[in-house]
Amino acid sequence: MDLTDFEADNSVSCRLSSSIPDVCRTEDCCLGIDEAGRGPVLGPMVYGICFCPVSRKEDLKNLKVADSKTLTETERENLFVKINEAKGFVGWALQVLSPNTISTSMLQRAKYNLNALSHDAAIGLVQYALDCGVQLKEVFVDTVGPAEKYQDKLSLRFPGVEVTVRPKADSLFPIVSAASICAKVARDHAVKSWKFAEELGEVDTDYGSGYPNDPKTKSWLLKYLDPVFGYPQFVRFSWSTAQTLMDSKAVAVHWDDDEEDGEKAAARQNNTSMLSYFSRSKPPELTHTRDTHRFFTERKLQSVNTL
């Protein structure tokens, strides 16, 4: 799988896709949605869609696609090759969500949790297929959160499309299995060929599965924790595993404004708050006894305290 576009800047998200089969623009199609890498503390999360004409469901089934989690890496790679070889009637698209995108989204002031991020990635991919002219009639989704609620959300967003959301959909519907394989192969390649933007020298790539409870992953996180700057962008620093290690092993940073407003923090440290420059009554240290420069007096200019 060619991840060149993502590798060019793995700090941001990226969309990858196959060509759109002509038959998918003229016949009613089904589409499956699944993800890979939701739980790991390392690497990207990849959302994938796969689609084909409803009349070719059996042909897709004959490719022997299955839930990617039940397959070996070699089996997934071989099946992805088969899916690509079936480009006359099968198409796919991926949204690669970088670790940096995931973490900054989850930690921004207006909370944007992983479920919302996942829903938006899935919706974006379905909309992409529609925009490309795919004649969608059926959508099958592996659930994120309550299945019924998610199904209602997608049905409302895509009227005229029959939406089915089920737990373990990747083992129930071959079109979801195919999406699962595409997503998992992309994530595996992204993790294996990760290019570190940080200057870390020769990086130890034996980081295990990437899941928080994996001893190898924990050991890698400890090894590459910088006490001042934290983790490289390969790590989802919003995960509790990473945060716990930073709290216990890294240098503590106190942000005054997290607990008190700027005026109080400045007073406590015997400093002048930046906000005081904009107040009507200036503190003594900001009052000036010097004459105003003639540039201002000649033009009858004076300071404005209020707008």
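The values are calculated or read from the model by the stated rules, or taken from the named source; none is laboratory data. From a predicted model like this one, the values you see are computed outputs, not experimental measurements. Note that we place each Cβ from the backbone using ideal geometry, even for glycine, and neighbour counts take in every protein chain shown. Protein only, heavy atoms only, side chains kept; ligands, DNA and RNA dropped before computing areas. Shrake-Rupley method; radii C 1.70, N 1.55, O 1.52, S 1.80 Å.
Can you put H119, H189 in order of accessible area, largest first, using a 1.4 Å probe?
Working: H119 25, H189 50 Å².
These residues rank, largest area first, as H189, H119.
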Item checked: For E75, solvent-accessible area (1.4 Å; no DNA, RNA or ligand), Å² -> 80 Å²
Note to self: For a Förster distance of 22 Å, can you work out the FRET efficiency between the beta-carbons of R38 and E77, rounded to the nearest 0.05?
What the structure shows: 0.55
Check: Where in the range 154-177 is the amide nitrogen less than 18 Å from a point lying 7 Å along the Cα-to-Cβ axis of E148?
Finding: 154-156, 163-168
Check: Which trypsin sites (Lys or Arg not before Pro) in the range 41-124 pass both tests, a DSSP loop state and at most 11 other beta-carbon atoms within 10 Å?
Finding: R109, K111
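Between rounded, prolate and oblate, where does the range 3-193 land on the alpha carbon gyration tensor, with a ≥ b ≥ c its root eigenvalues, rounded for a/c under 1.5, else prolate if a/b exceeds b/c?
Numbers: a/c = 1.57, a/b = 1.21, b/c = 1.30.
In terms of gyration-tensor shape, oblate.
Among residues other than L125 whose Cβ falls under 11 Å from its Cβ, what is the net charge (Lys/Arg +1, Asp/Glu -1)? The partial results should precede the final answer.
Values: positive: R15; negative: D34, E35, D120, D131.
It works out to a net charge of -3.
So if each residue of separation counts as 0.36 nm, and I subtract the Cα-Cα distance between K168 and Q108, what length gain in nm does that give? Mind dumping the intermediate values first?
Numbers: separation 60, 0.36 × 60 = 21.60 nm, distance 3.10 nm.
The span from K168 to Q108 would gain 18.5 nm if fully extended.
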Notebook entry, point to check: With labels modelled as points extended 7 Å from the Cα through the Cβ direction, what inter-label distance (nm, one decimal) is found for D59 paired with S240?
Noted result: 4.8 nm
Notebook entry, point to check: Given springs between every Cα pair under 10 Å in a Gaussian network model of the chain, which of E35, E77, E202 has the largest fluctuation?
Noted result: E202
Checklist line | Fraction of accessible area attributable to carbon and sulfur, the chain (%, probe 1.4 Å) | finding: 51 percent
Next item on the list: Enumerate the calculated ³J(HN,Hα) couplings along the range 124-131 in order (Karplus 6.51 cos²θ - 1.76 cosθ + 1.60, θ = phi - 60°), each rounded to whole Hz, writing x wherever the residue is Gly or Pro.
Entry: x, 6, 4, 5, 4, 4, 5, 5
Item checked: Peptide ranges 161-170, 19-28 listed from the most packed, as the mean C-beta count within 10 angstrom indicates -> 161-170, 19-28
Notebook entry, point to check: Which value in deg cm²/dmol, rounded to the nearest 500, describes the helix-derived mean residue ellipticity at 222 nm for the chain, given -39,500 (n - 2.57) per DSSP H run of n ≥ 4 and division by the residue count?
Noted result: -11000 deg cm²/dmol
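Sort R15, R294, R187 by heavy-atom solvent-accessible area, probe 1.4 angstrom, most to least. It would help to have the intermediate numbers written out before the result.
On the way: R15 100, R294 155, R187 15 Å².
My answer, sorted largest first, is R294, R15, R187.
Can you give me the accessible area per residue for the range 3-193, using a 1.4 Å probe, in Å²?
Values: 8160 Å² over 191 residues.
It amounts to 43 Å² per residue over the range 3-193.
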Next item on the list: Note down the accessible area of L154, probe 1.4 Å, to the nearest 10 Å².
Entry: 0 Å²
